[in-house]
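The values are calculated or read from the model by the stated rules, or taken from the named source; none is laboratory data. Here the structure is a predicted model, which means the values were calculated and not measured. So basically every Cβ, Gly included, is an ideal-geometry build from the backbone, and we count neighbours across all protein chains shown.
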Amino acid sequence: MSKDYKKQKFDQVLPGGINEWPVVELSRNREAFIKEVAEESIRRIKAQNKSRDALIEEIETTVYREKLRIKRNPWAVDPPDEQKFLNSVKARLVDISNSDEEEEKNRILDQILSEFVIRYADEIAGNFKKSRYRMARSIVTFGFARLLNASRARGFWSIFSTQYTLQDKIHITGQVDQIRTLAKKGTIIMVPTHFSNLDSILIGWVINALGLPAFIYGAGLNLFNIKIFAYFMNSLGAYKVDRRKKNMLYLETLKTYSSMAIQKGCHSLFFPGGTRSRSGQIEKRLKLGLLSTAIEAQRINYQKGKRDELEKIFVVPVTLNYNFVLEAPSLIKQYLKLQGQERYYVENDEYSTSYKISAFLLKFFTKGSDISVSIGRAMDVLGNFVDDQGQSYDKSGRVIDTQEYFTHDGKIISSNPQREDEYTRMLSERIVEEYHKINKVFASHLVAFTAFVIFQRQFKKLDLYNLLRLPEEDLSIPYEEFKTAFESVLAKVHRMYNAGEIGVSPYLTGDVDKIINHGLKNVGMYHAKRPLIKTKRGDITTQDLNLLYYYHNRLSGYNLEKYV
């Protein structure tokens, strides 16, 4: 088993304290940084739209898409003057077409572009404050621990107990010592899996628990609709990502913000899956936009002469492992309805008020099942593993110099989008590989996987959608048949673990009946309809086949089906 750090207390990796954190320096100069991001974004946008007509067409497309967004999918957090601003832009575009003065056309166009980009940069930018960070950290640690004690000890006064801490519920495993060492040497880019709206707060707590400086991280703008989330997000270093905005002006500004923050040494976190996994699977394909900013930042740092291993950028995959995901019923419905059409999905947040999110948190932390956070091995931006000194190694174990990937004839190449796109693809594939290696199998995952595959075998003539339409009363597995299949899959999982191909929970050892019962108790334990239960006769059945499919998906991609 990998080392579990749940009982260990970590000192801050930077002994000078919070004032040494790069995110503090960034927030101290927030307005200047926004201006710097806007200027660089404008330069990039113009470089991609070399003629005036091309730039006008890009802005016209942006106005059209933004008006459509406001009409079809407005959010409370949207600026109240958006419609007025867009109408103003449209009127000034008409002025450009009516003007005969070349200088006047260019002036108006530059003004429109500048206003658009500054609005976007200001919206995206985080607003980290030291005092609010300390308060938010205290509230998260104290408040969640109180909920945990209330759930595990009986009686009203248990809410004031200190018997249990978050470290009793959240188990941190993996390459903890390495990430702490590398955080002193260079810039960390943490890339976790994404299953729940709680992931941002969870990973923020983990970063603090490990004694790491605060990270900047991209959080969905929709979460800022919720006052309690908005407070924590702003306090913990979040910058805002609006997934409704698909126009080039916004995406270029977002990528520029991320790249320039990384260049300034800010440890960064983003969910490369782009959004919560709606199928329940570990991400297989990553969104490359923000991921590419790590590669760009590394190249620009080399251009600036930052060649020391101490100034290197390190990418650290992380998997978040839950027995249940509160949003699972709505997520799997979205996946089944819109499979293959994610780009048309209108994000609809089911936790849209402070009251709902408070109830969400209460239910989450008063359930008894544990959470595991697995820290993977650090890589450079090309996907090569690094040692604790930050030195890169290729697959053959040979030391390599990352800078050579950005040079030609001994000189740093200023920019080569095609080459960097390929590097981004390589990095994404290595991250996905590491996700699957550090993924921790819970008993709940294994019972769900085994049961769903058995149901598929029972009705092998049905496709997935027809299978999911079957009434629950037609779905039953004799316990001994289930146990035999489960033992076979469990044995394969342990062989994979011994080969370093997957992680396993401590609950996956010992008596098989106890492992199965533990899995049945914990799988989807929050949901009104349980994905898997044992009947009074002792058989295995489901109350919600869609949910069972969701939890089964956690182990898809390992080719375990043939062991059932």
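Assuming Arg457 fulfils every condition listed in (1) surrounded by 19 or more Cβ atoms within 10 Å (Cβ to Cβ); (2) within 16 Å of Val489 (Cα to Cα) apart from one, which condition is it?
(1)
Does Gly376 count as within 21 Å of the chain's Cα centre (by Cα), of a type in the set (Gly, Ala, Ser) and modelled with pLDDT of 90 or more?
yes
For the condition farther than 21 Å from Lys90 by Cα, of a type in the set (Val, Ile, Thr), surrounded by 15 or more Cβ atoms within 10 Å (Cβ to Cβ) and touching a Phe, Trp or Tyr at 6+ places or on another chain (Cβ under 6 Å), what is the one hit in Val24, Val13, Val37?
Testing whether each residue is farther than 21 Å from Lys90 by Cα, of a type in the set (Val, Ile, Thr), surrounded by 15 or more Cβ atoms within 10 Å (Cβ to Cβ) and touching a Phe, Trp or Tyr at 6+ places or on another chain (Cβ under 6 Å) leaves just Val37.
Mind listing just one residue for me: the one in the stretch 217-241 that is in contact with a Leu (Cβ under 7 Å, 6 or more places away or on another chain), under 20 Å from Gly273 (Cα atoms) and of a type outside the set (Ser, Thr, Tyr) and, of those, surrounded by the fewest Cβ atoms within 10 Å (Cβ to Cβ)?
Here the answer is Gly218.
How many residues does the stretch 367-405 contain that are aliphatic (A, V, I, L, M) and free of Cβ contacts under 8 Å to residues at least 40 places away in the same chain?
2
Any chance the stretch 181-194 includes a residue that's in contact with a helix residue (DSSP H, G or I) (Cβ under 6 Å, 6 or more places away or on another chain) and free of Cβ contacts under 8 Å to residues at least 40 places away in the same chain?
Checked the stretch 181-194: no residue is in contact with a helix residue (DSSP H, G or I) (Cβ under 6 Å, 6 or more places away or on another chain) and free of Cβ contacts under 8 Å to residues at least 40 places away in the same chain.
Return the residues of the stretch 68-94 that are assigned to a helix (DSSP H, G or I) and touching a residue at least 24 places away in the same chain (Cβ under 8 Å); say none if nothing qualifies.
Those that are assigned to a helix (DSSP H, G or I) and touching a residue at least 24 places away in the same chain (Cβ under 8 Å): Arg69, Arg72, Phe85, Val89, Lys90, Leu93.
Please go through the stretch 75-129 and pick out each residue that is of a type in the set (Lys, Arg) and either closer than 18 Å to Tyr250 by Cα or touching a Pro at 6+ places or on another chain (Cβ under 8 Å) (or both).
Lys90, Arg119 - these are the residues of the stretch 75-129 that are of a type in the set (Lys, Arg) and either closer than 18 Å to Tyr250 by Cα or touching a Pro at 6+ places or on another chain (Cβ under 8 Å) (or both).
Among the numbered conditions (1) surrounded by fewer than 17 Cβ atoms within 10 Å (Cβ to Cβ); (2) over 26 Å from the mean Cα position of the chain (by Cα); (3) touching a residue at least 40 places away in the same chain (Cβ under 8 Å); (4) farther than 20 Å from Glu252 by Cα, tell me where Gln48 comes up short.
Condition (4) is where Gln48 drops out.
From the list Val453, Val381, Val447, which residue is in contact with an Asp or Glu (Cβ under 8 Å, 6 or more places away or on another chain), among the β-branched types (Val, Ile, Thr) and modelled with pLDDT of 95 or more?
Val453
Let me spell it out: the conditions are (1) without any contact (Cβ under 8 Å) to a residue 12 or more places away in the chain; (2) closer than 30 Å to Ile226 by Cα, and Ser97 meets all of them except one. Which number is the exception?
(2)
Provide a single number: the residues in the stretch 431-445 that are of a type in the set (D, E, K, R) and surrounded by 21 or more Cβ atoms within 10 Å (Cβ to Cβ). Talk me through it step by step, then tell me what you get.
Of the residues in the stretch 431-445, the ones of a type in the set (D, E, K, R) are 433-434, 437, 440.
If we keep only those that are surrounded by 21 or more Cβ atoms within 10 Å (Cβ to Cβ) as well, we get 434, 440.
Number of matching residues: 2.
Name the pairs whose Cβ atoms lie under 9 Å apart, with the first residue in the stretch 496-525 and more than 25 Å from Gly174 (Cβ to Cβ) and touching a residue at least 24 places away in the same chain (Cβ under 8 Å), the second surrounded by fewer than 18 Cβ atoms within 10 Å (Cβ to Cβ) and aliphatic (A, V, I, L, M), and 6 or more positions between them or separate chains?
Listed pairs, sorted by first residue: Leu520/Ile533.
With respect to Ser372, determine if the residue is out of contact with any Leu (no Cβ under 6 Å at 6 or more places or on another chain) and assigned to a strand (DSSP E or B). Reasoning before the result, please.
Values: out of contact with any Leu (no Cβ under 6 Å at 6 or more places or on another chain): yes; assigned to a strand (DSSP E or B): yes.
The answer is yes for Ser372.
Can you pull out every residue in the stretch 535-564 that is of a type outside the set (Asp, Glu), surrounded by fewer than 19 Cβ atoms within 10 Å (Cβ to Cβ) and within 17 Å of Lys521 (Cβ to Cβ)?
Once the filter is applied, which keeps residues that are of a type outside the set (Asp, Glu), surrounded by fewer than 19 Cβ atoms within 10 Å (Cβ to Cβ) and within 17 Å of Lys521 (Cβ to Cβ), the stretch 535-564 yields Thr535, Lys536, Gly538, Gln543.
For residues in the stretch 51-67 being without any contact (Cβ under 8 Å) to a residue 24 or more places away in the chain and not acidic (Asp, Glu), which is surrounded by the most Cβ atoms within 10 Å (Cβ to Cβ)?
Lys67
Just checking: which of the strands (runs of 3 or more DSSP E) contained wholly in the stretch 187-274 hold 2 or more residues that are modelled with pLDDT of 95 or more?
Numbers: elements: 187-192, 216-220, 238-241.
Once the strands (runs of 3 or more DSSP E) in the stretch 187-274 are filtered for at least 2 residues that are modelled with pLDDT of 95 or more, what remains is 187-192.
Return a yes/no flag: does the stretch 44-67 have any residue that is part of a helix (DSSP H, G or I) and within 20 Å of Leu223 (Cβ to Cβ).
Checked the stretch 44-67: no residue is part of a helix (DSSP H, G or I) and within 20 Å of Leu223 (Cβ to Cβ).
Within the set of pairs 6 or more residues apart or between chains, which connect a residue that is touching a residue at least 40 places away in the same chain (Cβ under 8 Å) and farther than 20 Å from Phe324 by Cα inside the stretch 541-564 to a residue that is of a type in the set (Ser, Thr, Tyr) and assigned to a helix (DSSP H, G or I) with Cβ atoms less than 7 Å apart?
Qualifying pairs under 7 Å: Tyr563/Ser488; Val564/Thr450; Val564/Ser488.
Which one of these does Asn384 not meet: (1) loosely packed, with under 15 Cβ neighbours inside 10 Å; (2) farther than 20 Å from Asp539 by Cα; (3) not aliphatic (A, V, I, L, M)?
(1)
What's the total number of residues in the stretch 276-296 that are more than 17 Å from Tyr322 (Cα to Cα) and assigned to a loop (DSSP other than H, G, I, E, B)?
Qualifying residue count, the stretch 276-296: 5.
So which residues in the stretch 451-467 are in contact (Cβ under 8 Å) with a residue 12 or more places away in the chain, over 16 Å from Asp539 (Cβ atoms) and of a type in the set (Phe, Trp, Tyr)?
Result: Tyr465, single match.
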